[in-house]
Amino acid sequence: MSIGVSANRLELLQIARAVAAEKSISETIVIEAIEEAIQKAAKSRYGAENDIRAKIDPKTGELSLTRCMTVAEEVENDSQEISLAEARKIDKTAEIGTVFSDELPPIEFGRVASQTAKQVITQKVREAERARQFEEYKDRVGEIINGIVKRVEYGNVIMDLGRAEGIIRRADGIPRENLQTNERVRAYIYDVREEVRGPQIFLSRAHPDFMAALFAQEVPEVYEGIIEISAVARDPGSRAKIAVISNDASIDPVGACVGMRGSRVQAVVSELAGEKIDIIPWSDDPATFIVNALQPAEVSKVVLDEEDRRIEVVVPDEQLSLAIGRRGQNVRLASQLTGWSIDILTEEEESERRQREFAERTALFTGALDVDEVIAQLLATEGFTDVADIAYVSLGEIAAIEGFDDDTAEEIQARARDYLERLASEQDAKRKELGVEDALLEVEGIDLPMAVALGENDVKTVEDLAGLVTDDLRGWFETVNGERVRQPGVLEAFELSADDAEMLIMRARVVAGWISEEDLPVREVEEVEDEDPDAHVFDVENMDLAELEAEAAALGLDLDEAAAGEEEQKAD
């Protein structure tokens with residue numbers, strides 16, 4: 001049944017099609033929006049408590065307006081529901097849930113009703129457009145997109161992407177790049193979020209992956225996967241480093257990315273406002289990779305600390321400024337590229353440091369072992385770093401030092417052990433003087449030097465240690481008067497890792513009874529496959545004599561015979 005609207009049926013469908021095409025949404029969504037607008041207008045005419053439904057035929061454009069009543073077991077709203085008894089007076093086959101529809105007479109859209117309908121349609125179309133934009137762009141994260149600068153607001157660039165808008169925030173733009181309205185720009189989609197005000201498409205020209213995507217466009221080998229970009233580090237607008245590796249031994253990854261006379265890399269540089277790019281061959285050897293990453297500086301020597309992922313790099317004195325770069329740029333980018341912390345020393349600084357460490361070790365051995373300087377220097381030269389190394393190393397390693405014999409080695413080791421015993425006695429006395437309870441030493445991982453350090457920082461009981469956090473032990477940074485200041489930890493001198501510090505605290509909580517052993521974090525242990533799966537392995541170094549004899553008996557071994565055999569092999 002037709003109703004009084006300003007447009008005839010064909011015009012209504014034409015309007016719906018035009019809006020759907022303009023907004024790139026489904027025609028069905030527009031028709032549903034019009035139906036909802038008519039329903040809302042009809043409810044204001046016939047009563048909002050009624051269940052009024054409007055339906056537009058998508059083929060003919062014919063509109064029908066009906067009032068619906070649902071058969072309910074218990075009628076709670078007599079404007080929308082009807083009892084089963086009343087329904088069967090109308091239709092004997094009616095059941096619970098049956099819906100009766102009554103056609104309503106046409107309505108005239110007044111000014112207020114027309115405005116309301118327009119708002120409803122506009123809102124529905126806008127929601128559908130936003131949903132379409134989100135669905136279209138959510139899977140395009142990681143792509144480069146072309147757009148036109150629509151406007152610039154407080155350093156943020158709003159870009160027209162054709163069927164949506166994107167934003168390059170101030171922090172995501174290239175510093176000192178002045179984009180103008182109506183300028184065509186390429187950017188990298190790094191995030192698409194569905195927010196209250198609609199989908200937000202975040203673009204970037206400073207993202208490291210933007211450079212990688214540009215190389216994929218300019219270098220066919222990268223696009224085809226023959227050359228892989230392993231890592232990228234950027235100081236946007238200034239300098240960048242990119243690590244590449246080739247899956248084809250016949251193709252030079254660096255040369256392919258540079259191109260004939262630098263044509264390929266120059267195209268990327270031009271897009272990035274003249275940003276200088278160092279293309280570096282990737283290597284699975286950390287030392288080689290880091291040396292490559294520090295180019296153009298020359299490296300004399302590197303010392304790796306794989307546990308903390310730190311590397312000490314020694315360069316010639318004249319190469320220091322080149323290795324560090326302007327305002328530390330070169331070493332900072334190399335660190336970002338490799339994921340390692342890099343410390344740079346000159347050859348002179350390294351020599352001075354080693355001489356200083358050698359002198360400190362010599363002085364330590366001279367005082368602790370009561371030996372002359374020559375013997376102390378020999379021990380330091382052999383790589384011994386502290387008295388404990390000397391006290392518990394095998395006697396043969398000391399006796400093997402040139403000029404030493406077995407008697408000298410025994411005497412030196414005895415003096416080392418005596419020194420450690422005196423030191424332990426002094427530390428234990430100091431611990432007691434500080435009031436540190438004995439139970440603290442029962443916590444696995446806590447030794448006397450640590451107990452003294454804890455006592456000096458007013459951590460005297462197991463409960464005191466259990467109540468700390470990791471930063472309390474290792475130290476932390478905080479901002480004081482606008483500057484980032486390092487605050488020392490209680491056990492900072494012991495250079496604990498974050499995992500070790502956490503484990504100490506957790507073990508203290510076990511001893512204190514706060515948690516159980518099952519609550520301790522589980523450390524991942526690397527599995528080592530035995531060459532012989534039937535072989536019986538046991539830890540000889542950590543067994544006492546009784547345990548060792550019992551284990552040997554279980555295996556049917558005679559320790560005296562084994563020892564005699566070993567002596568014969570040595571003699572041979």
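The values are calculated or read from the model by the stated rules, or taken from the named source; none is laboratory data. Not measured: the values here are computed from a predicted model. Here Cβ is always computed from backbone atoms with ideal geometry, including for glycine, and neighbour counts include all displayed protein chains. Note: areas computed on protein heavy atoms with side chains; ligands, DNA, RNA excluded. Shrake-Rupley method; radii C 1.70, N 1.55, O 1.52, S 1.80 Å.
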query: Could you list, in sequence order, the residues of the stretch 295-308 that are in contact with a helix residue (DSSP H, G or I) (Cβ under 9 Å, 6 or more places away or on another chain) and over 12 Å from Asp343 (Cβ atoms)?
result: Gln295, Pro296, Ala297, Glu298, Val299, Ser300, Lys301, Glu306
field: From the options Ala334, Ala359, residue that is among the hydrophobic types (A, V, I, L, M, F, W, C), modelled with pLDDT of 90 or more and surrounded by fewer than 17 Cβ atoms within 10 Å (Cβ to Cβ)
entry: Ala359
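For the stretch 462-511, what are the residues that are hydroxyl-bearing (Ser, Thr, Tyr), within 18 Å of Asp308 (Cβ to Cβ) and open to solvent by 60 Å² or more (accessible area, probe 1.4 Å)? Working first, answer last.
Pass one, the stretch 462-511, residues hydroxyl-bearing (Ser, Thr, Tyr): 470, 479, 497.
Subsequent filtering for residues that are within 18 Å of Asp308 (Cβ to Cβ) retains 470, 497.
None - no residue of the stretch 462-511 is hydroxyl-bearing (Ser, Thr, Tyr), within 18 Å of Asp308 (Cβ to Cβ) and open to solvent by 60 Å² or more (accessible area, probe 1.4 Å), so the list stays empty.
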message: Among the residues of the stretch 274-295, are any of a type in the set (Asp, Glu), more than 15 Å from Val222 (Cα to Cα) and open to solvent by 40 Å² or more (accessible area, probe 1.4 Å)?
response: yes
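From the list Ala206, Ala231, which one is open to solvent by less than 30 Å² (accessible area, probe 1.4 Å), touching a helix residue (DSSP H, G or I) at 6+ places or on another chain (Cβ under 9 Å) and in a loop (DSSP other than H, G, I, E, B)? Break it down into steps so the answer makes sense when it comes.
Values: Ala231 fails: in a loop (DSSP other than H, G, I, E, B).
None of the other options fit; the residue is Ala206.
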- request: Those residues that are β-branched (Val, Ile, Thr), more than 19 Å from Asp102 (Cβ to Cβ) and open to solvent by 30 Å² or more (accessible area, probe 1.4 Å), I need them from the stretch 32-86; list them, please.
  value: Thr60
- prompt: Out of the residues in the stretch 469-496 that are among the small types (Gly, Ala, Ser) and at pLDDT 85 or above, which is nearest to Val459 (Cα to Cα)?
  reply: Gly489
task: Restricting attention to the stretch 186-227, report how many residues are free of Cβ contacts under 8 Å to residues at least 24 places away in the same chain and on the phi < 0 side of the Ramachandran plot.
output: 8
task: Please state which one of Gly435, Gly489, Gly513, Gly467 is small (Gly, Ala, Ser), without any contact (Cβ under 8 Å) to a residue 24 or more places away in the chain and touching a Gly at 6+ places or on another chain (Cβ under 8 Å).
output: Gly489
message: Name the residue that is nearest to the chain's Cα centre (by Cα), counting only residues in the stretch 211-228 that are surrounded by fewer than 22 Cβ atoms within 10 Å (Cβ to Cβ) and over 13 Å from Val265 (Cα atoms).
response: Glu228
statement: Per the filter on the stretch 298-320, residues open to solvent by less than 60 Å² (accessible area, probe 1.4 Å), in contact (Cβ under 8 Å) with a residue 24 or more places away in the chain and closer than 22 Å to Asp284 by Cβ are Val299, Ile311, Glu312, Val313
Scope the stretch 19-59; condition modelled with pLDDT of 70 or more, in a loop (DSSP other than H, G, I, E, B) and farther than 30 Å from Thr93 by Cβ; matching residues: Ala48, Pro58, Lys59
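From the residues in the stretch 321-331 that are assigned to a helix (DSSP H, G or I) and crowded, with 17+ Cβ neighbours inside 10 Å, which one is nearest to the chain's Cα centre (by Cα)? Quick ask: steps written out before the conclusion?
Filtering the stretch 321-331 down to residues assigned to a helix (DSSP H, G or I) leaves 321-324, 326-331.
Applying the additional criterion that residues be crowded, with 17+ Cβ neighbours inside 10 Å yields 323-324, 330-331.
Values: Ala323: 28, Ile324: 26, Asn330: 23, Val331: 21 Å.
Going through the qualifying residues, I end up with Val331.
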- prompt: So which residues in the stretch 168-193 are open to solvent by less than 30 Å² (accessible area, probe 1.4 Å) and within 25 Å of Arg132 (Cα to Cα), if there are any at all?
  reply: Ile168, Val185, Ala187, Tyr188, Ile189, Val192
query: If you go through the stretch 337-356, how many residues are surrounded by fewer than 18 Cβ atoms within 10 Å (Cβ to Cβ) and in contact with a helix residue (DSSP H, G or I) (Cβ under 8 Å, 6 or more places away or on another chain)?
result: 4
